[in-house]
Amino acid sequence: MTVLVIGAGAAGIAAARRLRDLGRDALVLEAGPRIGGRAVTDHSLGAPVDLGASWLHQAEDNPLTPLAQRLGFTLHDTAQGTNRRRRDLLLLADGSVAGEADRAAFEAAADAFDDAAEAAVAAGSPDRPLSDVVPRDGPWAATASHWLAAMINAAEAEGQSLHDYVATGLDGWNPQVQEGVGTLVARLAEGLPIRTGCAVHRLRCDAAGVTAEGPGGPWHGEAAIVTVSTGVLAAGGIVFDPALPATVQAAIAGLPLGLLSKVALRATTEAAKLGLRDFARLGRQVAGAEDSPLSWMLWPFGRDIAQAFIGGRRAWQLAAEGPAAAEVEARAELARYFGADTVSRAFPDPALVTTWGEDPLFRGAYSHAIPGQAGARALLRDAALAGGRLRLAGEATHARFAATVGGAWSSGEHAAEQVHAALA
Ligand SMILES: Cc1cc2nc3c(=O)[nH]c(=O)nc-3n(C[C@H](O)[C@H](O)[C@H](O)COP(=O)(O)OP(=O)(O)OC[C@H]3O[C@@H](n4cnc5c(N)ncnc54)[C@H](O)[C@@H]3O)c2cc1C
């Protein structure tokens, strides 16, 4: 009999590969029209643009690194040996360009943010909002918090668990994949039994096994691995029969998805790269309580693409207004650096805007634990439901590399091994 895998993102693909290696039949049921989930590479701007994951974080420990290298994908560390917090162009709150001292002050504030969080955990602090323990004073404290919480973790520090923030912190080699992370994940799915357009709306577990119901179904298996996002699970995207235990439901609710949106613009050749190096990074000092600056990466791999990132609360607000609002905001932000005329001349075409927050198959970008829920990831990872025949996987269930494509991959492999052992 078959093991049903619900969702064909990184976790589902990894689970199916592992089951195959263990000699078990798998059937992957994917609601959407494509595979890869939050790892997808778009080509509509004439070059690969990753709409979701684009970095292989902590690549020395990332399970996708050796797979990418074996398949001949090109990995490139975009920081090029510099401090990852370094900005090629940093604007001060008054709109002027920061000099070396201010750029160094921003980097020091970002280091102080992480140091304070780590020190609080090391000193035995109970779990609490991350914002409780990080520096609040000084000209760069709000900017450091905006960058490390709202942008990197896709949620403001007030809503994040201190312990989860520290436990899932990333460091080390941080390359991008020239061909696209989405291209890599899709390649790794080749030959797997995946059916797209097969949404699972109900999952029933009984003595006979597991039955997945939805248009095109039902599908029967002896076990199932569910890899849909915690956003989808919390919204009731799949009804479980019997219902999930209250502890599991609480853990799902404790791991909401934050939002990171991307806006990609293609430049004309006359833009002459605006005088910036490939992979140039732009950022701006937070100018007040309501200010949520976008950050930018320009000319990745020498391409004529400028990509904006919008994180946290502001990303949700713009998502509610629709993609046109995010494009307007991105163009206005870029105009702060180069002037509105230059921006409209350099980027005449419509932007590509991601819609992760609005899409019912995802409902956000990636998970963070809310204060007090630092143990939720391990609880989901270890939940052996229906006598071990139902397992949860996906980025939110990885206690160390949560929110990453590598963490999703490892979680899928782990769930496959657990199901295999339960069926033995
Ligand atoms: C903008 C953005 C930037 C990111 N940047 C990075 C980065 O640089 N590096 C990094 O490592 N990670 C990054 N991530 C995170 C990374 O993409 C995710 O952690 C990872 O891809 C999640 O994989 P998953 O398999 O857990 O979930 P998903 O990719 O969400 O896969 C779940 C699948 O389930 C499907 N599904 C949903 N509902 C149903 C249903 N009812 N029935 C059947 N199928 C269903 C979905 O369509 C989806 O394909 C980023 C994400 C975003 C959105």
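Couple of notes before you dig in:
- For region 184-284, the list of GluC sites (Glu not before Pro) that fall in a loop by DSSP and count at most 15 other C-beta atoms within 10 angstrom reads GLU190.
- Length gained when the stretch ALA325-HIS43 is fully extended (0.36 nm per residue, less Cα-Cα span): 99.3 nm
- ALA250 versus ARG34: modelled label distance in nm, points set 7 Å from Cα along the beta carbon direction: 4.0
- For the chain, calculated [θ]222 nm from helices alone, where every DSSP H run of n ≥ 4 adds -39500 (n - 2.57): -9000 deg cm²/dmol
- Residues in region 383-407 that a label on PHE301 would reach, taking backbone N under 19 Å of a point 7 Å out along Cα→Cβ: 405-406
- Length gained on full extension, THR355 to ARG277: 25.2 nm, using 0.36 nm per residue less the C-alpha separation.
- The peptide list 41-54, 232-245, 388-401, put in order of mean Cβ contacts within 10 Å with the highest first, becomes 388-401, 41-54, 232-245.
- Within region 126-244, percent of DSSP bridges classed antiparallel, to nearest 5: 75
- Electrostatic tally near ALA112: other residues with Cβ closer than 12 Å to its Cβ, Lys and Arg +1, Asp and Glu -1, net -4.
- Label positions at GLU100 and ALA287, each projected 7 Å from the Cα along the C-beta direction, are separated by 2.8 nm.
- When the Cα positions of PHE347, GLY372, PRO360 are compared along the charge dipole of region 313-424, GLY372 comes out farthest toward the positive end, with charges on each C-beta of Lys, Arg, Asp and Glu.
- Extension gain, ARG70 to GLN178: 0.36 nm times the residue separation minus the Cα-Cα distance gives 37.4 nm.
- For region 1-146, DSSP calls about 35 percent of its internal beta bridges antiparallel.
- Remark on the chain: Rg and Dmax equal 21.6, 68 Å (Cα only).
- DSSP finds beta bridges in the chain, and of those with both partners inside it, around 60 percent are antiparallel.
Laboratory data are not the source of any read-out in this text; all were calculated from the coordinates shown. Bear in mind the structure is a predicted one, so any value in this text is a computation, not a measurement. No Cβ is skipped: glycine too gets one built from the backbone with ideal geometry, and neighbour counts run over all protein chains shown.
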